[in-house]
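Everything on this sheet refers to the single structure shown next.
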Amino acid sequence: MFAASAFAQAAPRQEPEILTEDVTRFYALYDATGGRPTVEQIDKDYLAKGTHSLSEFARLRRVTAQSIAKRLDSDPAMYAKAKDCLVKLPEVKRRVATALGKLATLYPEARFPPVAVVVGRGRPVGIADNGGLTIGLEALCSADFMNPDAEDRFVHVIAHEYAHIQQTGPTEFEPGDPNGTALRFALLEGGAEFVAELISGNVGNGRHAEWTRGKEAEIESAFVRIMDGTDLSAWFANYRNPDEPYDLGYWVGYRIAKAYYLGSKDRKAALKKLIEFDDPKALLAQSGWTPGMRLPAKVSGEE
């Protein structure tokens with residue numbers, strides 16, 4: 001879903017700053033132009049005056065004045081809808097602060113860089129880099145298929161991404177690198193989903209439970225057959241339409257992480273291991289997970 005990289009050490013912050021000045025400026029321009037700002041206006045009055053987070057988001061994900069104007073023209077409803085999510089951000093901030101306070105308790109080594117909310121070209125949903133977490137308001141606001149409640153969606157996705165921020169092992173591999181296995185990526189993404197559930201009450205993508213119900217053994221047995229390989233195409237980044245299951249590697253990894261956590265006597269140590277692992281095969285062996293095993297629907301950090 002996101003590109004994530006390790007952060008430099010920073011002082012723990014349990015109430016991370018959520019920066020919204022870029023979206024405020026964009027929608028001031030949007031309203032002043034009747035929802036049809038020109039390429040020149042987007043460049044001069046939005047991108048050129050943007051925060052460092054917006055500049056990095058634009059640089060890394062090819063967000064330009066032209067690409068924003070093109071998407072505004074082809075999908076004006078997306079940008080109109082995003083204004084509804086904008087008003088939810090204060091409550092999102094409150095809930096995220098609560099979730100990250102729980103993360104600080106469960107994982108004292110956690111760090112909390114700022115979250116910046118910006119407006120882009122409809123994708124990506126967001127990125128994490130050394131400057132913090134950047135969320136595309138219009139992209140995440142439109143991702144109803146992940147969770148129909150926009151406020152919940154923002155909270156759980158931010159919690160997922162904060163889990164990625166904590167991960168200390170390698171997360172990027174060249175195509176075909178034997179270390180970049182489907183199992184490793186399942187534990188990276190699924191581990192982030194499990195941490196999100198522990199601290200915020202649910203995973204980032206709530207549709208997986210619906211898609212997999214009653215098919216657990218079938219799906220997981222299929223994953224076991226390919227988990228040591230590096231072809232990720234059937235399990236990650238394979239979204240085609242909102243009604244067809246995708247990213248099921250996230251769900252398998254989430255179930256392995258949950259089995260490992262529940263089977264551990266010291267759950268704080270187990271969470272630390274899930275975040276800091278660098279041997280996916282050893283973690284799998286220690287988890288006690290088997291395809292189709294019964295697990296509770298949800299686990300909270302209080303258990």
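Read-outs throughout are calculated quantities, based only on the coordinates presented, and are distinct from any laboratory measurement. Predicted, not measured: the structure shown is a model, and the values here were computed from it. Here the Cβ positions follow ideal geometry from the backbone for every residue, glycine too, while neighbour counts run over all protein chains shown.
Counting other Cβ atoms within 10 Å, keep those with at most 13, restrict to DSSP loop, and tell me which GluC sites (Glu not before Pro) in the range 54-110 are left.
Working: sites: Glu56, Glu91, Glu109; in loops: Glu109.
Qualifying residues, ordered by number: Glu109.
Cross-link partners for Lys273 among the aspartates and glutamates, with Cα-Cα distance under 17 Å and sequence neighbours closer than 8 places in the same chain left out: Glu109, Glu189, Glu193, Glu197. The distance linking the range 238-272 with the range 144-166 is 15 Å (Cα centroid to Cα centroid, whole angstrom).
Going by how many other beta carbons lie within 10 Å of each one, how would you line up Glu189, Glu17, Glu172, fewest first? Provide the component values of the computation, followed by the final result.
Values: Glu189 29, Glu17 13, Glu172 9.
Fewest to most other Cβ atoms nearby, the residues stand as Glu172, Glu17, Glu189.
Across Met293, Met78, Met227, mean-square fluctuation computed from a Gaussian network of the chain (C-alpha pairs under 10 Å connected) peaks at Met293.
The coefficient of translational diffusion for the range 18-166, derived via Stokes-Einstein from the alpha carbon Kirkwood radius under 4 °C and 1.567 mPa s, stands at 83 µm²/s.
Working value for the range 182-287: equivalent-ellipsoid semi-axes of 22, 16, 12 Å, each the square root of 5 times a Cα gyration tensor eigenvalue, largest first. Counted over the range 37-114 with a bin width of 10 Å, the fraction of Cα pairs per bin, in whole percents, is 15, 31, 31, 18, 5. Screening the chain for DSSP H helices whose Cα atoms reach 15 Å or more along their own axis and whose mean Kyte hydropathy is at least 0.0 gives 89-106, 182-200, 216-226, 248-262. The calculated FRET efficiency for Asp228 paired with Arg294, based on their beta-carbon distance and R0 = 22 Å, is about 0.30. Among Gly126, Gly206, Gly136, the largest mean-square fluctuation in a Gaussian network model of the chain (Cα springs under 10 Å) belongs to Gly206. Of Thr51, Thr98, Thr33, which has the largest mean-square fluctuation in a 10 Å C-alpha GNM of the chain? With Cα springs under 10 Å in the chain, the top fluctuation among Thr51, Thr98, Thr33 is at Thr33.
For n ≥ 4 DSSP H runs only, could you compute -39500 (n - 2.57) per run for the chain, divide by its residues and tell me the 222 nm figure to the nearest 500? Before the final figure, lay out each step's value.
Values: 13 runs with 151 residues, N = 303.
When only DSSP H runs of four or more count, the value is -15500 deg cm²/dmol.
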